[in-house]
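Here the structure comes first, spelled out in structure tokens, and everything after it is commentary.
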Amino acid sequence: AVVSTQSGHYGRGVLHSLTMLMSLAGRPLCRLTRQAIKPIIPTLSQVSHLSSGSPVTHWKAERYVSVLTFGAIIGAAAYPCLAVDHSLAILIPLHTHWGIEQILTDYVHGKATSKICQVLLYVCTGLTIISLLYFNQHDIGITQGIKDLWNIKQRDPAELH
Amino acid sequence: SSGINAEWPLRPGSNMALLRGAICRLPKHNTIRVFSSTSEYKVPGTAEFFEKQKNLGRPMSPHLTIYKLQLTSGLSISHRITGAGYGALLYGFALLTVTPQGFSHWINLAETYAPGNGLMFAAKTIVLFPLMYHTVNGFRHLFWDLGKNLKIDQVYSTGKITVAISLLLTLAMVAAL
């Protein structure tokens, strides 16, 4: 707020000096204070994350997970097994989650809607990981599931009768 | 309040003082303003800044509607769209696996309504191409992150190679598998 005061008889000296100081150095002081407290106060993008680590670490993790995901897919094609299925069940949703999180950060503005979308995404990813792990353990597994989808073929009419 | 950030005392008669006097009313010598504002509305990028700008209701210059789509921007947005599309497919696949009917039920359902070989070939190409493109372009992104191929001519050439490789890989995989 901008306060405009007229000098009175008493306390004129103190008020005068203080306001002269603020009018001269107010803006730089504000800027310095803001810079000082910035590392402590989380920024808007960090507020919507459940745990805020260093953004550099996050960036590196994104790249490593991308490479690992590709490796896991090659592994699933070459040596399909439960371990590869489980790693796929974690890596693919993780990679997808981080990708969609970036999309949300870029295009969804507003504190409330952004927060809601982030939470929804966490819920979806969590449910996906749980579903896929269960599918691996108690059903055919991701690799076989994709193979089944790929091999969908029109049924021969002779077979049906 | 004045529109000029004149923070320093102005020498009477100086050019700046004349300019300031011409543009805005000088405060009386015994009327002092205290800038104790900590509001963020002047700081670009903050939520308050966006809110204030929205309230001002200013028209925005056209951007997406007038800027010509180039290979660089086209491939970039395609990388994002294919990634998001496959994300949706992933969440849908996970949903199918935990339905009470079971995953095999949906496979059988698809097989009863599956079209012939030609259409299946086309469908597989359409479904696989975005994945191949996203993978190959993903490696292009990783090369950038390592600092390689950042010059604009390299960006264009690697971009064209990306599209070519994705198409070849897709056709090869659909034909072979």
Revision key, fill the gap. Within the stretch B:85-100, the count of residues that are free of Cβ contacts under 8 Å to residues at least 12 places away in the same chain and buried (at least 16 other Cβ atoms within 10 Å of the Cβ) comes to 8
Practice item. Tell me which residues, restricted to the stretch A:73-89, are in contact (Cβ under 8 Å) with a residue 24 or more places away in the chain and in contact with a Leu (Cβ under 9 Å, 6 or more places away or on another chain). Key: A:Ala76, A:Asp85, A:His86, A:Leu88, A:Ala89
Practice item. Could you please let me know if B:Ser78 is of a type in the set (Ser, Thr, Tyr), buried (at least 16 other Cβ atoms within 10 Å of the Cβ) and in a helix (DSSP H, G or I)? Key: yes
Review point. For B:Tyr156, all conditions in the list (1) of a type in the set (Ser, Thr, Tyr); (2) free of Cβ contacts under 8 Å to residues at least 40 places away in the same chain; (3) touching a helix residue (DSSP H, G or I) at 6+ places or on another chain (Cβ under 7 Å); (4) open to solvent by 50 Å² or more (accessible area, probe 1.4 Å) hold save one; what is the number of the exception?
Key: (2)
Practice item. Go through (1) outside any helix (DSSP H, G or I); (2) open to solvent by 40 Å² or more (accessible area, probe 1.4 Å) and name the single condition B:Ala114 misses. Key: (2)
Review point. Which one of the conditions (1) in a helix (DSSP H, G or I); (2) open to solvent by 30 Å² or more (accessible area, probe 1.4 Å); (3) modelled with pLDDT under 95 does B:Trp144 fail to meet, given that it meets all the rest?
Key: (3)
Check your understanding: Between residues in the stretch A:137-158 that are on the phi > 0 side of the Ramachandran plot and open to solvent by less than 70 Å² (accessible area, probe 1.4 Å) and residues that are among the charged types (D, E, K, R) and at pLDDT 90 or above, which pairs lie under 7 Å by C-beta distance while being six or more apart or on different chains?
Key -> A:Gly141/A:Asp85
Review point. Taking the condition farther than 23 Å from A:Pro93 by Cα, of a type in the set (A, V, I, L, M), exposed (fewer than 14 other Cβ atoms within 10 Å of the Cβ) and out of contact with any strand residue (DSSP E or B) (no Cβ under 8 Å at 6 or more places or on another chain), does B:Ile66 pass?
Key: yes
Exercise for review: Would you check if A:Gly126 is part of a helix (DSSP H, G or I) and either within 30 Å of B:Gly116 (Cβ to Cβ) or at the interface with another protein chain (Cβ under 8 Å from one of its Cβ atoms) (or both)?
Suggested key: no
Study note, to complete from the structure: Checked the stretch A:115-144 for anything at pLDDT below 95 and small (Gly, Ala, Ser); matches are A:Gly141
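For (1) facing chain B (nearest Cβ under 9 Å); (2) assigned to a helix (DSSP H, G or I); (3) at pLDDT 95 or above, each residue gets a yes or a no:
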position	(1), (2), (3)
A:Gln46	no, yes, no
A:Val56	no, yes, no
A:Ala61	no, yes, yes
A:Ser66	yes, yes, yes
A:Ile73	yes, yes, yes
A:Asp85	no, yes, yes
A:Ile92	yes, yes, yes
A:Thr96	yes, yes, yes
A:Gln102	yes, yes, yes
Point to revise | From the options B:Thr162, B:Thr135, B:Thr112, residue that is at pLDDT 95 or above and within 13 Å of chain A (Cβ to nearest Cβ) | key: B:Thr135
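The values are calculated or read from the model by the stated rules, or taken from the named source; none is laboratory data. Just so it is clear, the structure is predicted and the values come from calculations on it, not from any experiment. When we count neighbours, we look across all protein chains shown, and the Cβ atoms used for this are built from the backbone with ideal geometry, even at glycine. Heavy atoms of the whole protein, side chains included, go into the accessibility calculation; ligands, DNA and RNA do not. Shrake-Rupley method; radii C 1.70, N 1.55, O 1.52, S 1.80 Å.
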